[in-house]
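The values are calculated or read from the model by the stated rules, or taken from the named source; none is laboratory data. From a predicted model like this one, the values you see are computed outputs, not experimental measurements. Using ideal geometry, Cβ is built from the backbone for each residue, glycine included, and neighbour counts are taken over all protein chains shown.
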Amino acid sequence: MNKEIDHDSSIWTEKYRPKEFSEVVGQNDIIKRVESLTKAMNIPHLLFAGPAGVGKSTLALVVVKELFKNTWKENYLELNASDERGINVVREKVKSFARTKSLGKVPFKIIFLDEADALTPEAQQALRRTMENYSSGCRFILSCNYSSKIIDPIQSRCAIFRFKLLEKKDIEKVLQKIAKNENLTMHPDVLEIIYEGSEGDCRRSINLLQSTAAISPSINPDLVSTMIANTKPKDIRVVLDYALAGDFENSREKLLDLMLKESISGQDVVKAIQKEIWNLAIEPEIKVKLTEKTGEIEFRITEGSDPFIQLQSLLASFVLAGLGKK
Ligand SMILES: Nc1ncnc2c1ncn2[C@@H]1O[C@H](COP(=O)(O)OP(=O)(O)OP(=O)(O)O)[C@@H](O)[C@H]1O
Ligand SMILES: [Mg+2]
């Protein structure tokens, strides 16, 4: 057994999250550059841009652990821009974190700001000032899906790293390691199917393997395909049924469940809703209206709006459609 594995975690994405540079698969040029900056303790502000589940947060943690070793927790602050209800909360947290000096031989602390592209341009201006005010004692690592959503003055203060979707061979490496550790037997075709089903998103691949393994440790193509095909529509249906029945609260709760526990992205939820609309017992005109609304929400999420807020607004449309029916 591997000593680096976090045996406490029952969620495999956490249990097998790389703790060292050498464990991160793919993104080779990025890893090389970031590793040499880290080893030299010469870290500028960093901007990690790219799709979900490909190693952005993971790499930030690797950097921090490498820099600070066992005092990393004291020297690291993680914030999520979309959770923190505005830039003022971010600023206050940064301020109180930056008040004390870093411990040990590294002359700065690290602040990781996830989903930086969820901040409005005005909030980003404020963030920029915060970065300037504290740059003597802190380095920022910003993470985002789209670097184009980050204002130029911040981009120009950061070294930008563009993460890519992972290749099949990289995802295979991760899944093989997990399968070995968890004593799974995998049919040779399974890797291809999981890769296709998760489109280069490592988090989704691992979640898919874990949810399949919960049914049987012998992972065969049929089981995986069923997992990919079934989970979403069935669960989405429950969400929509609640909404159409006028029960917004339960609908919202089921949606949140789905997104957190199954780790399904906002975009995938929208796609699944889109498909499911045609199976609902509602008037054709309402189906058309809801389809139109779904497209609008999909666009907003792609543009960087908070998926959960957008999806709730979509559910509100379903509730209204349900009420109109009565
Ligand atoms: N390059 C990688 N090498 C090894 N494992 C990876 C890699 N990328 C992702 N993973 C696995 O997927 C999980 C999620 O990755 P991570 O949190 O780094 O995604 P992210 O790029 O920050 O995505 P998001 O944009 O959704 O925050 C990790 O815990 C890890 O198990
Ligand atoms: Mg992340």
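Checking THR38, THR58 one by one, the residue that is away from ligand 2 (no atom under 14 Å from the Cβ), closer than 19 Å to LEU142 by Cβ and assigned to a helix (DSSP H, G or I) is THR38 and no other.
Please enumerate the residues belonging to the range 41-55 that are part of a loop (DSSP other than H, G, I, E, B) and within 16 Å of ligand 2 (Cβ to nearest atom).
Taking the range 41-55 as the starting set, the residues that turn out to be part of a loop (DSSP other than H, G, I, E, B) are 41-44, 50-55.
Passing the criteria: GLY50, PRO51, ALA52, GLY53, VAL54, GLY55.
Out of VAL270, VAL239, VAL319, one residue alone is under 30 Å from ILE150 (Cα atoms) and either crowded, with 20+ Cβ neighbours inside 10 Å or not charged (D, E, K, R) (or both). It is VAL270.
Screening GLU23 with (1) within 14 Å of ligand 2 (Cβ to nearest atom); (2) under 25 Å from SER198 (Cβ atoms) gives one miss only, at (1).
Among the residues of the range 61-83, those identified as closer than 18 Å to SER143 by Cα, in a helix (DSSP H, G or I) and touching a helix residue (DSSP H, G or I) at 6+ places or on another chain (Cβ under 7 Å) are VAL62, VAL63.
Every residue in the range 39-56 that is within 16 Å of ligand 1 (Cβ to nearest atom) and under 24 Å from PRO107 (Cβ atoms), please. Write out each step before concluding.
Start the filter on the range 39-56 by keeping residues that are within 16 Å of ligand 1 (Cβ to nearest atom), which leaves 46-56.
Those that are within 16 Å of ligand 1 (Cβ to nearest atom) and under 24 Å from PRO107 (Cβ atoms): LEU46, LEU47, PHE48.
State whether the residues of the range 201-209 include one that is within 30 Å of PRO107 (Cα to Cα), under 19 Å from the mean Cα position of the chain (by Cα) and buried (at least 21 other Cβ atoms within 10 Å of the Cβ). No, the conditions are met nowhere in the range 201-209. Just one residue in the set ARG139, ARG99, ARG128, ARG157 is assigned by TED's automatic domain parsing to the domain that holds GLY55, away from ligand 2 (no atom under 16 Å from the Cβ) and under 25 Å from GLU23 (Cβ atoms); that residue is ARG139.
For the range 178-188, the criterion of being part of a helix (DSSP H, G or I), under 23 Å from the mean Cα position of the chain (by Cα) and basic (Lys, Arg) is satisfied by no residue at all. Residues of the range 137-176 that are over 19 Å from ASP29 (Cα atoms), away from ligand 1 (no atom under 16 Å from the Cβ), crowded, with 20+ Cβ neighbours inside 10 Å and touching a residue at least 60 places away in the same chain (Cβ under 8 Å): ARG139, ILE154.
Is it true that some residue in the range 215-237 is within 21 Å of SER82 (Cβ to Cβ) and in a helix (DSSP H, G or I)? No: the range 215-237 contains no residue that is within 21 Å of SER82 (Cβ to Cβ) and in a helix (DSSP H, G or I). Among the conditions (1) more than 16 Å from ligand 1 (Cβ to nearest atom); (2) under 19 Å from the mean Cα position of the chain (by Cα); (3) not basic (Lys, Arg), THR71 misses just one, which is (2). Evaluate the range 179-186: report whether one residue or more is more than 16 Å from ligand 2 (Cβ to nearest atom), modelled with pLDDT under 95 and of a type in the set (D, E, K, R). No, the range 179-186 has no match at all.
Based on what the data block shows, is LEU127 assigned to a helix (DSSP H, G or I), crowded, with 17+ Cβ neighbours inside 10 Å and modelled with pLDDT of 90 or more? Yes; evaluated as a whole, the condition is true for this residue. Considering the range 210-236, and only residues there that are loosely packed, with under 14 Cβ neighbours inside 10 Å and of a type in the set (Ser, Thr, Tyr), the residue that is nearest to ILE286 (Cα to Cα) turns out to be THR226.
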